[in-house]
1. Can you give the FRET efficiency for residue A:233 and residue B:174, using 1/(1 + (r/R0)^6), R0 = 25 Å, r = Cβ-Cβ distance, to the nearest 0.05?
2. Closest beta-carbon to the B-to-A rotation axis: which chain B residue owns it, and what is the separation in whole Å?
3. Can you list the distances in nanometres, one decimal and ascending, from the residue A:134 label point to the identical position in each other copy, with the point 7 Å along Cα to Cβ?
4. Across peptide B:214-223, what mean number of C-beta atoms from other chains lies inside 10 Å of a residue's C-beta?
5. For residue A:188, which inter-copy label distances result when the label point lies 7 Å beyond Cα on the Cα-to-Cβ vector, reported in nm to one decimal and in ascending order?
6. What's the ranking of A:198-204, A:58-64, B:244-250 by average number of surrounding C-beta atoms within 10 Å, highest first?
7. Rounded to the nearest 0.05, what FRET efficiency is calculated for residue B:84 and residue A:308 with R0 set to 35 Å and r the Cβ-Cβ distance?
8. Using DSSP, restrict attention to beta bridges with both residues in chain B and report what percent are antiparallel, rounded to the nearest 5.
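Only the coordinates and a few stated rules stand behind these numbers; no lab work does. Just so you know, these numbers come straight off a predicted model, no measurement behind them. All Cβ positions, even for glycine, are placed from backbone atoms using ideal geometry, and neighbour counts span all protein chains on display.
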Protein chains: 2
Amino acid sequence: MRPRLTDVAEAAGVSMKTVSNVVNGAEHVREETRQRVLAAIDKLGYRPNIAARNLAQGRSGVIAFAVPQLDRPYFASLAARMLDEAEAFGWIVQFHQTGGRREAELALLTERHPARLDGIVMSPLGLTAEDIQERDPALPLVLLGEKAAAQLNADHVGIDNREAGRVATDHLLSLGRRQVMALAPGPGMDDERINGYRDALTAAGLGVDEDLVLPTGGLRGQDAERTLGDWLDAGHPAPDAIFTATDWLAMGAIRALVLRGLRVPEDVAVVGFDDIPYDLATLPTLTTVAPDRVAIARLSLQALRDQRPGTEPVRLEAPFSLVVRESTAGIGTSAGQRE
Amino acid sequence: MRPRLTDVAEAAGVSMKTVSNVVNGAEHVREETRQRVLAAIDKLGYRPNIAARNLAQGRSGVIAFAVPQLDRPYFASLAARMLDEAEAFGWIVQFHQTGGRREAELALLTERHPARLDGIVMSPLGLTAEDIQERDPALPLVLLGEKAAAQLNADHVGIDNREAGRVATDHLLSLGRRQVMALAPGPGMDDERINGYRDALTAAGLGVDEDLVLPTGGLRGQDAERTLGDWLDAGHPAPDAIFTATDWLAMGAIRALVLRGLRVPEDVAVVGFDDIPYDLATLPTLTTVAPDRVAIARLSLQALRDQRPGTEPVRLEAPFSLVVRESTAGIGTSAGQRE
DNA sequence: GCGCTGCATTACAGCGCTGTAAATCGAGTG
DNA sequence: CACTCGATTTACAGCGCTGTAATGCAGCGC
């Protein structure tokens, strides 16, 4: 049988509550008493019973982390960091997959699940501003992602997508490229990243050719492959660089280019976005914008913990970096390798 | 305030315990009483409090799912399925990352974590047979993966790696390939998959050339790229097909081939293993062995639930399938596309 | 010496649920 | 009609912990 608070109390010759106070770092415990209690805890190998603590506190010790799909590399790697960071906050993280469907996201907010949650961190796709308003204000919520940043009035953590798009495009310009295309799922998705692309072109005095901003109509690699492929097959001259709103789109774009005899990066340099972990196994490896996932995770949890009903939503910004690999630096370069 | 069992009891005019019995589907509740209670539950919107239930039952309602790294696509996609399936079992899944380090894996078994666990599903890399023996027998454990299958005496769930390796190699032979190479991390890792490769060659009357079985010394794409690259650069004639023990190795091998002017699959067909979800964005997309992850998840949880201390370990087998894509069927084929 | 102050500690009532033992009910039996 | 025996329902004691209120106690001023 595991030792309980009363066992420790007996061993240390104090009351159960004093042991509780020591365990929880409460003030007003004499140093000598504390030492005696700690010795007893150590001797018995006592560990607090979380279920009982949560029951007594009316908390569950569980937060939800909801993403469209956990097996999408970007979310998987973010989830991994969320797990690491949550430990320091004493939270168990319950992952959820919403498929990006509004009903699934809403269901989480409206507590269809039996276990009471202490909070939710979500990367929403379908949620509307009204949904946010109607949610239970007692359930802390932190949102991630560009869609949430633009349209939803709640605590938010993310990177400066516009600035990141600018930096990525600047990188292409610094390589001497002048015909820079942009590929994004479409209006309303990843707009800020594309605005950053426009910023960079404008700042370089090149002007923005909106005909070079192609909507893929979807975020899968195939969507980009088809969109760019059709465009090239229609006889348009190939650009000398492409900035894509996600790595998947970049990989699809590279397929379209290579299948048509164009070399990456010699003929066309490509920069992606997200830094999804596909090792260094693709050809070429991808230059990309890498959001600081550790920061995103940590800031989210802090915001969740500090949230109070009725106060104004906070918006926190995590840093990012540009990781230069083969798709802009050339095949065989070792720059920017992972680890 | 959330309604409690007593609130429902009062509303239905029965005792708290009867409501509890209804909620838990116990026998010996008169149908009329059950209906009355269900109506009250529905009216009040009652949901059981998990923390309290767990406290009363001495359980935590939490199981751990431990993998080396959650951001490795194979594990991420398995974790996603584990999540789906655990819901039906009423378990919250707490993910853990061990990095494949023995200490981290052992720490999980020996309960360093404050929250009591109802069980552990783990994909171990460093764990030894002694570690398994010395673990707390009261903590149900289910292991995944080939290493565990071969060396560790505990409940195990996995696919028939040897048969899968045979099927994959057979596929290459059925394409008319005769010089089939095998790439695996090294002795002791993924041996069964390579044994399946040997089976296929032997059954086809070709005999096994052990010089064509290359150990990569690691499981990253770069390891395969370097190993195969060095081998080709040493002047060996290229094989006309390669079977690799994992998709990462396959992608690295393809890099090595393409960088040396060889075409995949025209010159060299490649089959990987694991079906990691990298969409259809790589060039070429990869023919691979796809383990049935849903089955693996479900069988693991069943085994965990049904485990009793002191009984013989059970070994369960999940199905797999061969997904044929471009790396054997040719660029532009649509066969085996995801979704 | 007395009352007061403030730190240190304790007693105790739950948190919401389940397991156990006991109570109650109702039909069948003699 | 009392009695037996399942079927059904209830009472109640915790599960291990924390919040609150109360208590103990030393030092201080008068």
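1. 0.15
2. B:76, 2
3. Distances between equivalent label points, in nm: 5.7.
4. Mean shielding count: 2.
5. Result, one decimal in nm: 5.5.
6. B:244-250, A:58-64, A:198-204
7. So, using R0 = 35 Å, E works out to roughly 0.55.
8. Numbers: 5 of 38 bridges.
The antiparallel proportion sits near 15 percent.
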